[in-house]
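Here the structure is laid out as structure tokens; the discussion comes afterwards.
The numbers here are math on the coordinates, done by the rules we state, and not lab data. Please read all numbers here as calculations on a predicted model, not as lab measurements. Cβ sites come from the backbone with ideal geometry, for glycine too, and all protein chains shown count toward neighbours.
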There are 2 protein chains.
Amino acid sequence: MIKEIFEHRSIRKYKSDEIDDKVLNSILQAAIRGSNTGSMQVYSIIVTRNPEIKNKLWEQHFKQPMVQQAPVVLTFCADFNRFNKWCEQRNAEPGYDNFLSFFTASVDAVIAAQNAALEAEASGLGICYLGTTNYTADKIIEILELPKGVVPVTTLVLGYPDESPELTPRLPERAVIHYEKYKDFSKEDIDNIYKNTENSELTKKLIEENKTENLAQIFTQKRYTKQNNIHFSEVLLDVLKKQGFPVN
Amino acid sequence: MIKEIFEHRSIRKYKSDEIDDKVLNSILQAAIRGSNTGSMQVYSIIVTRNPEIKNKLWEQHFKQPMVQQAPVVLTFCADFNRFNKWCEQRNAEPGYDNFLSFFTASVDAVIAAQNAALEAEASGLGICYLGTTNYTADKIIEILELPKGVVPVTTLVLGYPDESPELTPRLPERAVIHYEKYKDFSKEDIDNIYKNTENSELTKKLIEENKTENLAQIFTQKRYTKQNNIHFSEVLLDVLKKQGFPVN
């Protein structure tokens with residue numbers, strides 16, 4: 001049993017302590033050992049420690065304080081730039097300017113990220129994924145000077161934890177695991193699956209703060225709204241086009 | 001240091017030994033403990049053990065023998081079906097029928113998959129990712145009866161290894177790690193990065209077998225051709241549309 005997996009908490013408050021080069025290198029090596037499509041390694045990892053650059057990333061990650069606090073930010077990218085250059089230098093015509101290639105490279109980038117996350121936790125560090133990477137990919141590309149062929153997919157902040165949160169609850173297993181075929185959910189199934197979450201003290205507090213009827217409305221009206229999702233989808237699809245992975 | 005990360009090899013030959021329920025459950029629990037966007041858990045895992053269903057999946061995974069040999073196949077899906085149903089039952093209008101939502105859910109699905117892969121390896125099992133999941137997503141959806149809102153993202157085969165391959169080589173670190181800003185590659189950089197791979201005995205053997213001028217041409221002309229990438233991109237984009245995540 002890998003205890004880091006079962007003890008994982010996202011950490012959102014960090015001490016100012018630096019991360020030793022040796023520790024960071026071991027985390028990056030862990031990332032590189034991940035499975036990858038056809039041994040092409042069509043991903044890259046941008047290491048940010050410079051406070052000025054980190055500050056620019058912080059702005060793009062919705063100014064979440066943890067991005068300023070954490071001493072290291074790792075941006076994991078789908079990357080066909082290097083591979084395309086190699087092909088071109090070898091009289092081989094690269095055919096990777098398409099959605100499939102982008103998506104394949106993205107899967108590899110996330111596998112690398114999760115290896116890095118777990119290895120960081122094994123070194124006593126805390127981590128948090130930043131989903132905002134997909135919202136402001138256009139700006140992150142400018143800050144990190146990512147060339148054509150490179151798209152940021154996800155980001156990890158790394159640092160020594162300055163909080164020790166409880167394990168976050170998960171839905172019951174039947175909500176996410178299906179045996180042999182997908183078993184779709186009845187109205188009663190949905191009520192049962194979400195019952196514990198909806199009845200928790202945390203949920204009651206959130207509903208009061210957000211002034212919504214229920215928890216689901218916090219997601220749809222506050223956290224992940226249709227309007228924002230449509231806007232950020234357009235940004236992301238535009239990024240794909242500009243970086244050489246057009247979808248139409 | 002998490003030794004499973006550094007000792008990972010993809011396994012392509014499996015013994016017929018079954019996987020104990022307890023072991024499988026621990027792997028699924030590991031998957032569920034992964035980081036996920038906003039605690040929404042917008043992914044699902046389909047467990048295939050039934051030989052008939054596994055055989056159908058094997059056909060879609062380009063008839064790779066390991067899919068028949070391995071006793072368990074796990075298909076990791078981006079899944080907004082359950083979440084959308086919950087929102088609709090709670091008078092909350094879900095706004096997740098777009099590319100951003102699909103991509104977010106895909107990242108979560110891959111994090112879950114990599115946790116499962118490492119936990120499987122910690123239990124003495126071997127694993128292999130199947131990139132073919134993205135090529136034949138339309139057919140996998142039919143076989144596993146995935147409803148609207150659900151798209152297969154990646155697949156793991158699990159079983160007891162019947163081979164013990166060497167660690168696969170990786171490009172030098174400077175090929176994938178960039179400090180502070182992306183450092184693009186000169187012609188000489190590319191030559192240097194690929195030198196060891198190109199000069200290996202394995203590469204020489206592959207070039208002879210494939211009758212190409214060099215290794216890069218094996219990728220562009222045989223393994224990942226432009227024609228196939230374009231075709232499978234169309235399949236995948238069509239799947240997104242049909243499953244409720246239209247990109248245009």
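Listing for the model above:
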{"read-out": "Sequence-distant residues sharing a close amide H with residue B:154 (under 5 Å, placed H)", "value": "B:76"}
{"read-out": "Relative contact order (%) - criterion: Cα under 8 Å, at least six apart; region: chain B", "value": "27"}
{"read-out": "Where GluC sites (Glu not before Pro) fall in DSSP loop in the range B:1-69, at most 14 other Cβ within 10 Å", "value": "B:7, B:18"}
{"read-out": "Pseudo-label separations to other copies for residue B:142 - Cα-to-Cβ vector, 7 Å, nm", "value": "4.7"}
{"read-out": "Summed side-chain charge close to residue A:50 - residues other than residue A:50 whose Cβ falls under 12 Å, Lys, Arg +1, Asp, Glu -1", "value": "+2"}
{"read-out": "Phi to ³J(HN,Hα) by Karplus 6.51 cos²θ - 1.76 cosθ + 1.60 over the range B:94-111, Hz, x for Gly, Pro", "value": "x, x, 10, 9, 8, 5, 4, 4, 4, 5, 4, 5, 5, 4, 4, 5, 6, 4"}
{"read-out": "Neighbouring partner chain Cβ atoms per residue of B:117-126, average, 10 Å criterion", "value": "2"}
{"read-out": "Karplus-derived 3J(HN,Hα), 6.51/-1.76/1.60, for each residue of the range A:54-62, Hz, glycine and proline x", "value": "4, 5, 5, 5, 3, 4, 6, 8, 6"}
{"read-out": "Under 5 Å, built H, 5+ apart or other chain: amide partners of residue A:43", "value": "A:79"}
{"read-out": "Summed residue charge, Cβ within 13 Å of residue A:205's Cβ, Lys/Arg positive, Asp/Glu negative", "value": "-2"}
{"read-out": "Where labels lie 7 Å past Cα in the beta-carbon direction, separation of residue A:184 and residue A:210 in nm", "value": "2.7"}
{"read-out": "Dimensionless Rg over Rh [the range B:112-248; C-alpha; Kirkwood]", "value": "1.03"}
{"read-out": "The range B:232-248 - phi-based ³J(HN,Hα) in whole Hz, Karplus 6.51/-1.76/1.60, Gly and Pro as x", "value": "6, 4, 5, 4, 5, 5, 5, 4, 4, 4, 5, 8, x, 10, x, 9, 7"}
{"read-out": "Given 11 as the ceiling on other Cβ atoms within 10 Å, longest exposed-site-free region of chain B for trypsin sites (Lys or Arg not before Pro) in DSSP loops", "value": "B:64-210"}
{"read-out": "Amide H contacts under 5 Å for residue B:162, placed H, 5+ residues apart", "value": "B:13, B:14, B:15"}
{"read-out": "Three principal axis lengths of the protein assembly as shown [C-alpha, angstrom, descending]", "value": "67, 57, 43"}
{"read-out": "Total formal charge among the other residues, if their Cβ is under 11 angstrom from that of residue A:192, Lys/Arg +1 and Asp/Glu -1", "value": "-1"}
